[in-house]
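Participant: Below is one structure. I have some questions about it.
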Amino acid sequence: MARVVRDADLAGAIDLRAVVDRMAAGYRADAEGGVVTFPRSRSDARGVVLAFLGAAIPREGCLGFRAYLYRGTGEDRGEQVVALYDFSSMELRGVLLGSLVGVLRTGASAAAALLLAEPELGEIGLLGTGTQARSTLACLTAKRRPDRVLAFGPHRGRAETFRRWASRSLGVEVELAPSAASVVAGAPAVACLTSSDEPVVTAEMLGAPRLLLSISAYRRPEIDRKVLEAAPYVFTDSVLQAGGPGTLFDDSARRAKLRPLVAGLSDGSLKDRRVTRIVLNTGAPWEEVLLADLLLRVASAQGLGREMPLATQTARRPALEAYLTVPRAGIDSSVRGAGRRRSRRG
């Protein structure tokens, strides 16, 4: 049986702690070579772009993909499809419809990375106060409630809305800073969660070493190139994706800095507070596959969504001929028309 689940079906059913733990396990699987990543693709169909990404984690029994459309102008309706298969049997386990997987994956993987680097994280700075900031703060709070949250967003009204939401929904009081520089100066760990095409963290802001996490600094200069070049290592959820063609790391010197996040745990470099540590979250496909696995298990356990039998699971599977039929009236009219044409030719 395959289960079809919409975002609305999962409202109030998700334990964010389990989601963050799942992402942390994925970082380890990736570092150990347990992930097979499929090439990420974007195909432009005259202004409408089809994005596709997928991965397999054989030891977890998972193989899946996410596909969605967006316009070249950036418009995204949020109608995404995530399909998950059982790796061994190759049977379809389920389909998730909506935008929840993408949003939740970003926040949970960011929170997992921050806590792997700093398990006792007490203060966090947020650059950006939109959807990704909400997801990240919620996932972080679920695992370890921060003692202090400092945030900056360029739109004051949106930042104030974010502050009120955090207080009401998470019980977390957010301090709104007057600038990005104030956040970087005031918080030892900073998550960059913006869509800016210009640097929001510059070398001049870094008076002391910081832990910096970014969701886009591998393809857009959200973190100044000078900061990237000065770092001894740059940790990531996907070396392949962070260093691919067209990224800021597609030259050999920068690409050599990229390391799997958990590799930095093994040798201690991820915890070296003497230098600025940089983590790039690229949205690796394995994150979405593991999250889909967890959400489908939750939906199955709680009876959420709709379960549907597959053709291979029905008691009697119709023969191909059952589908290749034409209404009798259509056949008769075709035969009569052909007869008339022959008569006229004769």
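Participant: Have a look at ALA8, ALA83, ALA51, ALA13 and point out the one that is farther than 30 Å from ASP267 by Cβ, in a loop (DSSP other than H, G, I, E, B), not assigned by TED's automatic domain parsing to the domain that holds ALA110 and not basic (Lys, Arg). Give the derivation first.
Facilitator: Numbers: ALA8 fails: in a loop (DSSP other than H, G, I, E, B); ALA83 fails: in a loop (DSSP other than H, G, I, E, B); ALA51 fails: in a loop (DSSP other than H, G, I, E, B).
One residue alone meets the criteria, ALA13.
Participant: Okay, next question. Please find, among ALA208, ALA217, the residue that is within 25 Å of PHE38 (Cα to Cα), touching a helix residue (DSSP H, G or I) at 6+ places or on another chain (Cβ under 9 Å), among the small types (Gly, Ala, Ser) and in a loop (DSSP other than H, G, I, E, B). Let's see the steps before the verdict.
Facilitator: Working: ALA208 fails: within 25 Å of PHE38 (Cα to Cα).
So the residue among ALA208, ALA217 that is within 25 Å of PHE38 (Cα to Cα), touching a helix residue (DSSP H, G or I) at 6+ places or on another chain (Cβ under 9 Å), among the small types (Gly, Ala, Ser) and in a loop (DSSP other than H, G, I, E, B) is ALA217.
Participant: Scan GLY122, GLY128, GLY94 and give me the residue that is over 13 Å from the mean Cα position of the chain (by Cα) and not assigned by TED's automatic domain parsing to the domain that holds ARG168. Don't jump to the end; show me each part of the working.
Facilitator: On the way: GLY122 fails: not assigned by TED's automatic domain parsing to the domain that holds ARG168; GLY128 fails: not assigned by TED's automatic domain parsing to the domain that holds ARG168.
Checking each option against the conditions leaves just GLY94.
Participant: Just the residues that are in contact with a helix residue (DSSP H, G or I) (Cβ under 6 Å, 6 or more places away or on another chain), crowded, with 24+ Cβ neighbours inside 10 Å and within 18 Å of ALA159 (Cβ to Cβ), please, taken from segment 108-132.
Facilitator: Correct list: GLY125, LEU126, LEU127, THR129.
Participant: So, one more: When GLY264 is evaluated against the numbered criteria (1) surrounded by fewer than 18 Cβ atoms within 10 Å (Cβ to Cβ); (2) in the same structural domain as LEU116 (by TED's automatic domain parsing), which criterion, by number, is the only one it fails?
Facilitator: GLY264 satisfies all of (1) surrounded by fewer than 18 Cβ atoms within 10 Å (Cβ to Cβ); (2) in the same structural domain as LEU116 (by TED's automatic domain parsing) except (1).
Participant: Let me ask something else about it. Of the conditions (1) modelled with pLDDT of 95 or more; (2) of a type in the set (Val, Ile, Thr); (3) surrounded by fewer than 19 Cβ atoms within 10 Å (Cβ to Cβ), VAL82 clears all except one; give me its number.
Facilitator: (3)
Participant: In segment 297-335, what residues are over 24 Å from ALA83 (Cα atoms), among the hydroxyl-bearing types (Ser, Thr, Tyr) and modelled with pLDDT under 70?
Facilitator: Within segment 297-335, SER333, SER334 meet the criteria.
Participant: A further question on this structure: Can you confirm whether segment 206-220 contains a residue that is modelled with pLDDT under 95, surrounded by fewer than 19 Cβ atoms within 10 Å (Cβ to Cβ), within 20 Å of the chain's Cα centre (by Cα) and assigned by TED's automatic domain parsing to the domain that holds ARG273?
Facilitator: Yes - at least one qualifying residue is present in segment 206-220.
Participant: Which count do you get for residues in segment 134-175 that are part of a helix (DSSP H, G or I) and in contact with an Asp or Glu (Cβ under 9 Å, 6 or more places away or on another chain)? Explain how you work it out, then say what you get.
Facilitator: Taking segment 134-175 first, the residues part of a helix (DSSP H, G or I) are 134-143, 156-170.
With the extra rule that they be in contact with an Asp or Glu (Cβ under 9 Å, 6 or more places away or on another chain), the set shrinks to 142-143, 163, 166-167.
Residues in segment 134-175 being part of a helix (DSSP H, G or I) and in contact with an Asp or Glu (Cβ under 9 Å, 6 or more places away or on another chain): 5 in total.
Participant: Out of the residues in segment 21-63 that are among the hydroxyl-bearing types (Ser, Thr, Tyr) and crowded, with 17+ Cβ neighbours inside 10 Å, which is farthest from GLU118 (Cα to Cα)?
Facilitator: For segment 21-63, the residue satisfying everything is THR37.
Participant: Which one of the conditions (1) assigned by TED's automatic domain parsing to the domain that holds LEU16; (2) more than 16 Å from the chain's Cα centre (by Cα); (3) aliphatic (A, V, I, L, M) does ALA56 fail to meet, given that it meets all the rest?
Facilitator: The failed condition is (2).
The values are calculated or read from the model by the stated rules, or taken from the named source; none is laboratory data. Worth saying up front: this structure is predicted, and the values here are computed from it rather than measured. FYI the Cβ positions are ideal-geometry reconstructions off the backbone, even for glycines, and counts take in every protein chain you see.
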